[in-house]
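Inspection log for the structure reproduced underneath, given as structure tokens.
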Amino acid sequence: MRLVILDDYDSASEWAAKYVRNRIKEFNPGPDKPFVLGLPTGSTPIGMYKKLIQFHKEGQLSFEHVITFNMDEYVGLAVEHPESYHSYMWDNFFKHINIKPEHAHILDGNATDLVAECDRFEEEIKKVGGVELFIGGIGPDGHIAFNEPGSSLSSRTRIKSLAVDTILANAKFFGNDISKVPKAALTVGVGTVMDAREVMIVITGAHKSFALYKAVEEGVSHMWTVSAFQYHKKCTIVCDEDATLELRVKTVKYFKGLMEVHNQLVKDLDVKETQ
Amino acid sequence: MAACSSSSLRHKEKETTSPEPIIIRYTNCKVLRGGELKDGDVWVRDGLVLDPMKLFFEEKKSATVTYDCHGLIASPGFIDLQINGACGYDFSSFSSPSEAREGLETVSKLLLQHGVTGYCPTVVTSSKEYYQKFLPLMETSVGGKHGAAILGLHLEGPFINKSKKGAHKEIYVQDEELTKERILSSYTTLNDMKHNISIVTLAPELPGSDDVIPWLVDKEVVVSLGHSLSDLETAERAVKNGASLITHLFNAMLPFHHRDPGIVGLITSLKLDQRPVYYGLIADGHHTHETVQRIANNANPQGVVLVTDALPLFCQERQTELFQLGEMMIERKGNKAVVAGTNNLAGGITSMNECVAQFYEATDCSIQAALEAASLHPAQALNIKDKGHLEYGAKADIVFLTPPPSQGGGDRREGERGFDVIATVIEGEIVYESLSAVNRLTVM
């Protein structure tokens, strides 16, 4: 596992965005060779999306041959509801870039047969050859996507009841009315994300520092689902200083010592070094 | 008049194989929507504003044509509820049916340059013969490349108060008791199934108004109060009876007095059973002093409706200096129109987009408030639900304007005030483009 530690939220977002940019460009996607990207929602990735949009507007990056799969969506929330993940993806990313509508996949939380919808989603991922790079974020309790503590680490896309903590935290987006907060979601499983050829998890803020500690320094546990990625062949965690508060000094120093190596991964590809 | 098609020729050329309706995306603009001005896009299909998120996720479709709007404001098209004519044509003194046709065509076309996508040709107090002959000729029509939509007539008079006749001809004023029969003998088209009368300006103090106002409202006519000596109480009763508009506030009514506010008092009255009242304001900087525009707007920002009250002298192409209006000679004096040889204002010669700019500067309101006063509010005053805004499903009538300098709109020459019309769109079709503009819409 690679742990990339940046000074603050903005530089972590920028690093993550540059990494995604470089991975897509090096892959050199085309009509017969699309780049398959897994995407998260939530407050953490907003900065990364902004940067990716900027790269696109500057002409550095095209999403024409990029296929995306989102991690999750609420059950029973209208697509046009401002808190739906469809709305989130549209407002924060899709409407600003040149992705093709048929290439953007988000689980349909209003499907009549939710189980079939989850199976279909897994099928779709398989059909395009699996996910090349899955980007994720986590909750303070270490959940990845809606794989709440206690979820099976080999879980697949399925319906998941939300933890009370999550429902309470979401109430502020639904007029503080608990009855309006969705109680269930469709989510990719930990196993679904584990299948991706590469995983990048962005973790920022002091409130996520305990989860980061659990992810990096403790053993694999289904109570901290993010810890499963210790078993992934190619996983990068991008975090800011605040998120490292619970890590040992030794751990932080070790990974910080590798920053020069890490930064090679996000160099501007088209710009020749001028030294 | 032929129904307008939702796609222009320019669009059709692009449409080669696909039989599906084309989807137009106007991108990179500041869109006025929901009372806010935000960076964004306007998507259009079949002449209607489209929800692009639904299009993306549900229909999996993208735009057929994309226009880069280079940061221009995308406002709902302007609607002028009071315009007497332009380019030498006077809606109240046509001499022949062919002149009436020419006149309406010319004015409709001209208004596109000023971002007006719909208007109410205004006929001032006229003879019964004139009404009989010409009202049936001034039909409502849809807008398009040929010109702005005609949203029905505004009949200003003849049921008004002689003492506040303004520039109307006294001999044709009918200030006897208002009866249905008397009204029908002038407004000859009113009994038609789908009549062409949208607004009637009358003086509520005339006897019989309590009966005819509800009757007119029932016929889907907007009753506007004006050219009147009415006190506040009478005006309030008229509103409770269904009147919902005030014709050019402050002009041709009793001056505002703090113990007897007259019709002006309606804009802050609490005795209207919660009914909204809209008021026309000639915001050309001459008819209503800017401090008074501020008073009105601060007191009732939801009701303000900018009108040009434009005269036949108002014209871009012909630089006429003198014009015969009925029996009066009107003279252009600077940027005002006055009765020849005097300083008495005779009506407006300022375009709608200039009125918006003037109102924005005079009242220091937000850009969106200034634009809504020329789009949303007049549409609401006419009870038109699908115009005057750019919500999803609305008619895609759009005017693209340069932002005022405070918005830091890129390269601009000194002294520019913004609100220049760069392009006008009716039901999705570009019907006017400014040829001189640097920041034109470009196909991406």
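The values are calculated or read from the model by the stated rules, or taken from the named source; none is laboratory data. This structure is a prediction, so every number in the text was calculated from the model and none was measured. No Cβ is skipped: glycine too gets one built from the backbone with ideal geometry, and neighbour counts run over all protein chains shown. In case anyone asks, the SASA skips ligands and DNA or RNA and just uses the protein heavy atoms, side chains included. Shrake-Rupley method; radii C 1.70, N 1.55, O 1.52, S 1.80 Å.
Here A:Ile144 clears all of (1) surrounded by fewer than 23 Cβ atoms within 10 Å (Cβ to Cβ); (2) away from chain B (no Cβ under 14 Å) except the condition numbered (1). Among residues that are in a helix (DSSP H, G or I) and of a type outside the set (A, V, I, L, M), B:Asp210 is included.
Determine which single condition A:Leu37 fails, assuming it passes every other condition in (1) touching a residue at least 12 places away in the same chain (Cβ under 8 Å); (2) more than 11 Å from every other protein chain (Cβ to nearest Cβ); (3) surrounded by fewer than 17 Cβ atoms within 10 Å (Cβ to Cβ). Condition not satisfied by A:Leu37: (3). How many residues does the stretch A:91-104 contain that are open to solvent by less than 30 Å² (accessible area, probe 1.4 Å) and either at the interface with another protein chain (Cβ under 7 Å from one of its Cβ atoms) or within 19 Å of A:Glu124 (Cα to Cα) (or both)? Residues flagged as open to solvent by less than 30 Å² (accessible area, probe 1.4 Å) and either at the interface with another protein chain (Cβ under 7 Å from one of its Cβ atoms) or within 19 Å of A:Glu124 (Cα to Cα) (or both) within the stretch A:91-104 amount to 4. I'd like to know if the stretch A:59-68 contains one or more residues that are outside any loop (DSSP other than H, G, I, E, B) and in contact (Cβ under 8 Å) with a residue 60 or more places away in the chain. Scanning the stretch A:59-68 turns up at least one residue that is outside any loop (DSSP other than H, G, I, E, B) and in contact (Cβ under 8 Å) with a residue 60 or more places away in the chain. Taken over the stretch B:217-246, the residue count meeting the criterion of being surrounded by fewer than 24 Cβ atoms within 10 Å (Cβ to Cβ), closer than 26 Å to B:Phe134 by Cα and under 22 Å from the mean Cα position of the chain (by Cα) is 6.
Among residues belonging to the stretch A:105-114 that are over 12 Å from A:Asp72 (Cα atoms) and outside any helix (DSSP H, G or I), point out the one that is nearest to the other protein chains (Cβ to nearest Cβ). First the steps, then the outcome.
Residues of the stretch A:105-114 over 12 Å from A:Asp72 (Cα atoms): A:110-114.
Restricting the remaining residues to those that are outside any helix (DSSP H, G or I) gives A:110-113.
Values: A:Asn110: 11, A:Ala111: 13, A:Thr112: 15, A:Asp113: 18 Å.
Out of the qualifying residues, it is A:Asn110.
Within the stretch A:128-141, being open to solvent by less than 10 Å² (accessible area, probe 1.4 Å) and under 15 Å from A:Ala196 (Cβ atoms) holds for A:Val131, A:Leu133, A:Phe134, A:Ile135, A:Gly136. Filtered by the rule that a residue be at the interface with chain A (Cβ under 8 Å from one of its Cβ atoms) and either under 30 Å from B:Gly280 (Cβ atoms) or part of a helix (DSSP H, G or I) (or both), the stretch B:53-82 gives B:Met53, B:Lys54, B:Leu55, B:Phe56, B:Phe57, B:Glu58, B:Glu59. Of the residues making up the stretch B:242-265, those that are under 25 Å from B:Ile79 (Cβ atoms) and assigned to a loop (DSSP other than H, G, I, E, B) number 10. For the stretch B:266-288, residues that are under 22 Å from B:Leu229 (Cβ atoms) and either part of a loop (DSSP other than H, G, I, E, B) or open to solvent by less than 10 Å² (accessible area, probe 1.4 Å) (or both) total 11. The single condition among (1) surrounded by 16 or more Cβ atoms within 10 Å (Cβ to Cβ); (2) under 25 Å from B:Asn84 (Cβ atoms) that B:Gln324 does not meet is (1). Criterion applied to A:Gly139, A:Gly219, A:Gly205, A:Gly175 was being at pLDDT below 95 and closer than 18 Å to A:Thr244 by Cα, and the one residue passing it is A:Gly139. When both residues are 6+ apart or on different chains and their Cβ atoms are under 6 Å apart, which pairs have a first residue that lies in the stretch A:235-250 and is closer than 19 Å to A:Asn263 by Cβ, and a second that is polar (S, T, N, Q) and surrounded by 18 or more Cβ atoms within 10 Å (Cβ to Cβ)? Between residues of the stretch A:235-250 that are closer than 19 Å to A:Asn263 by Cβ and residues that are polar (S, T, N, Q) and surrounded by 18 or more Cβ atoms within 10 Å (Cβ to Cβ), the close pairs are A:Asp240/A:Thr204; A:Ala243/A:Thr204; A:Ala243/A:Ser209.
There is at least one residue in the stretch A:125-145 that is of a type in the set (A, V, I, L, M, F, W, C) and assigned to a helix (DSSP H, G or I).
The set of residues in the stretch B:225-241 that are out of contact with any strand residue (DSSP E or B) (no Cβ under 9 Å at 6 or more places or on another chain) and part of a loop (DSSP other than H, G, I, E, B) comprises B:Leu229, B:Ser230. Among the residues making up the stretch B:41-60, those that are in contact (Cβ under 8 Å) with a residue 24 or more places away in the chain and open to solvent by less than 60 Å² (accessible area, probe 1.4 Å) are B:Val42, B:Val44, B:Arg45, B:Gly47, B:Val49, B:Leu50, B:Asp51, B:Pro52, B:Leu55.
When restricted to residues that are touching a Ser or Thr at 6+ places or on another chain (Cβ under 6 Å) and part of a strand (DSSP E or B), the stretch B:333-353 contains 1.
Among the residues of the stretch A:231-262, count how many are within 20 Å of A:Gly136 (Cβ to Cβ) and open to solvent by 100 Å² or more (accessible area, probe 1.4 Å).
As a first pass, look at the stretch A:231-262 and keep what is within 20 Å of A:Gly136 (Cβ to Cβ): A:231-240, A:242-244, A:246-247, A:255, A:262.
Still in the running and open to solvent by 100 Å² or more (accessible area, probe 1.4 Å): A:231, A:233.
Residues in the stretch A:231-262 being within 20 Å of A:Gly136 (Cβ to Cβ) and open to solvent by 100 Å² or more (accessible area, probe 1.4 Å): 2 in total.
So B:Glu139 ticks every box in (1) open to solvent by 10 Å² or more (accessible area, probe 1.4 Å); (2) over 22 Å from the mean Cα position of the chain (by Cα) but one. Which box is left unticked? Unmet for B:Glu139, out of (1) open to solvent by 10 Å² or more (accessible area, probe 1.4 Å); (2) over 22 Å from the mean Cα position of the chain (by Cα): (2). When you scan the stretch B:21-52, how many residues do you find that are within 12 Å of chain A (Cβ to nearest Cβ) and hydroxyl-bearing (Ser, Thr, Tyr)? Qualifying residue count, the stretch B:21-52: 1.
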